[in-house]
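The values are calculated or read from the model by the stated rules, or taken from the named source; none is laboratory data. Predicted model, so just to flag it, every value in this text is computed and none were measured. Cβ: placed from backbone, ideal geometry, glycine included. Neighbour counts: every protein chain shown.
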Amino acid sequence: MHNTVKVSDKVYYLGVNDRRTHLFENMWPIPNGVSYNSYLIVDEKVALVDTIEFGSSDDYLDKIEEILGERTIDYLIINHMEPDHSGSIKKVVEKYPDIKLIGNLKTFKIVESYFGYKDNWYQIEDGTELDLGHHVMKFVMTPWVHWPETMMTFDLTERILFSGDAFGSWGTLDGGIFDDEIEFEDYYLDDMRRYYSNIVGKYSNMVQKAFKKLDGYDIRTICATHGPIWRKDVNKVIFLYDKWSKFETEDGVVIIYGSMYGNTEKMADVIARKLSEQGIKKIRIHDASKTHLSYLINDIWRYKGVILGSCAYNSGMLPTMENLTRTLEHMGVKDHLLGLFGSYSWNGGGVKSLFKFHENMDWELVSDPVDTKGIPGDEAFAKCEVIANAMADKLKI
């Protein structure tokens, strides 16, 4: 068992790395890949915590058998039914037909719709405990983090939190499995924020409710279903998720624009330069037609200032900007400073549509929007500087 990784004496890590998938959920780019993490607790009773995506490993069951030998699995604890974690349930049940599936009522409704299983259910409630012998597992309902059935499992004996998707991250585990074996800030931090903002961010209020339920738990290890296992600095990942779910940001500005022929782009560059002259160092500019929505959302989650620009397109804004604003409205992103600008040639609409976004989001508008006809000149650029100065002033408060 030379490849076996132990979380503790009786708890094994069973994870695989996916370096082939381009789009997570067929939507979000994962250039650094992703890990699917499963865990096996070998006690007087044996419990498997979540599985892995179907087809991501051809030796998953072999690894389990290598650890267990002739023993069987008594329980499969299902914290989350999304297919990247439930995809191997059928294989596990076929190999261990007497296994009991542990989940809540909402879990089993999805289990039935996926696999048709109606038997061997072990339905639990919030606070139910399961004695495995040495380990005692307590189940904590955390609905909508980020599906309705999601829950967490806390090992009362060794203070291990099996957290499902919460506290997870994109990025494969390239040798280092634990937080004290990796360069977190260099490699994982950006992917973790992007994972949170893209996947979990819409449910930030439910993340805060989950924190309240976990208050008082002495968590010493966090085993998520994606990304590293936290055993040395558990407070770091808890702090980050708490910060992001409260929409707490850095004093920087992300400028995102949609431009067909470069006029709106010129305005973005003028705004950025003036921000720099005002002492703002954290500035990011993105062309919404080139940069994937995933990265735009990530930077918006990171920076307090958001300045959006769009040319007019069919009496509205450019479709890539429309997609961004619609997604932000759907996610209910809060607590940002906002600037708006754009241009048109014969009929406006881009900036007008952006202003409707402002009204829907209730973000603080730092100054009047700038809407320029034709190629921007000194007058337009002077108005752009007003936006930049107003944003800088607000960030310096």
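Taking the range 291-316 as the range and being more than 24 Å from Ala392 (Cα to Cα), part of a strand (DSSP E or B) and out of contact with any Ser or Thr (no Cβ under 6 Å at 6 or more places or on another chain) as the test, the residues that pass are Ala312, Tyr313. Residues of the range 62-91 that are buried (at least 20 other Cβ atoms within 10 Å of the Cβ) and of a type in the set (A, V, I, L, M): Ile64, Ile73, Leu76, Ile77, Ile78, Met81, Ile89.
Only residues that are outside any loop (DSSP other than H, G, I, E, B) and free of Cβ contacts under 8 Å to residues at least 60 places away in the same chain were counted across the range 210-234, and they come to 3.
Applying the criterion of being touching a strand residue (DSSP E or B) at 6+ places or on another chain (Cβ under 6 Å) and either at pLDDT below 95 or surrounded by fewer than 23 Cβ atoms within 10 Å (Cβ to Cβ) (or both) to the residues of the range 319-337, the residue that is farthest from Asn198 (Cα to Cα) is Leu337. Within the set of pairs 6+ apart or on separate chains, which have a first residue in the range 94-107 that is among the small types (Gly, Ala, Ser), a second that is part of a strand (DSSP E or B), and C-beta atoms under 8 Å apart? From the range 94-107, the pairs are Gly103/Ile77; Gly103/Trp121; Gly103/Tyr122; Gly103/Gln123; Gly103/Met151.
Of all residues being part of a strand (DSSP E or B) and among the charged types (D, E, K, R) in the range 1-43, which is farthest from Asp174 (Cα to Cα)? Just the residue, please. Steps first, answer last, please.
If we filter the range 1-43 for residues that are part of a strand (DSSP E or B), which is where we start, we get 5-6, 11-18, 23-24, 28-29, 34-42.
With the extra rule that they be among the charged types (D, E, K, R), the set shrinks to 6, 18.
Details: Lys6: 16, Asp18: 11 Å.
That would be Lys6.
Among the residues of the range 239-267, those that are crowded, with 22+ Cβ neighbours inside 10 Å and either over 22 Å from the mean Cα position of the chain (by Cα) or within 18 Å of Glu322 (Cα to Cα) (or both) comprise Val254, Ile255, Ile256, Tyr257, Gly258, Ser259, Thr264, Met267. Of the candidates Leu130, Leu156, Leu105, the single residue that is within 30 Å of Gly69 (Cβ to Cβ), within 28 Å of the chain's Cα centre (by Cα) and either among the aliphatic types (A, V, I, L, M) or not assigned by TED's automatic domain parsing to the domain that holds Pro29 (or both) is Leu156.
Exactly one residue out of Asp191, Asp179 is crowded, with 19+ Cβ neighbours inside 10 Å, modelled with pLDDT of 95 or more and closer than 29 Å to Arg326 by Cβ, and it is Asp191. Screening Ala47 with (1) free of Cβ contacts under 8 Å to residues at least 24 places away in the same chain; (2) within 16 Å of Ile77 (Cβ to Cβ) gives one miss only, at (1). For the range 296-316, a tally of residues being touching a strand residue (DSSP E or B) at 6+ places or on another chain (Cβ under 9 Å) and surrounded by fewer than 18 Cβ atoms within 10 Å (Cβ to Cβ) returns 1. Total residues in the range 209-238 satisfying the condition of being exposed (fewer than 14 other Cβ atoms within 10 Å of the Cβ) and not basic (Lys, Arg): the figure is 5. Residues in the range 15-44 that are within 18 Å of Ile77 (Cβ to Cβ), modelled with pLDDT of 95 or more and surrounded by 16 or more Cβ atoms within 10 Å (Cβ to Cβ): Tyr36, Asn37, Ser38, Tyr39, Leu40, Ile41, Val42, Asp43. Within the range 351-378, the residues that satisfy the criterion of being closer than 19 Å to Ala272 by Cβ and part of a helix (DSSP H, G or I) are Val351, Leu354, Asp378.
Just a yes or no: is a residue in the range 272-290 of a type outside the set (Gly, Ala, Ser), assigned to a helix (DSSP H, G or I) and buried (at least 23 other Cβ atoms within 10 Å of the Cβ)?
yes
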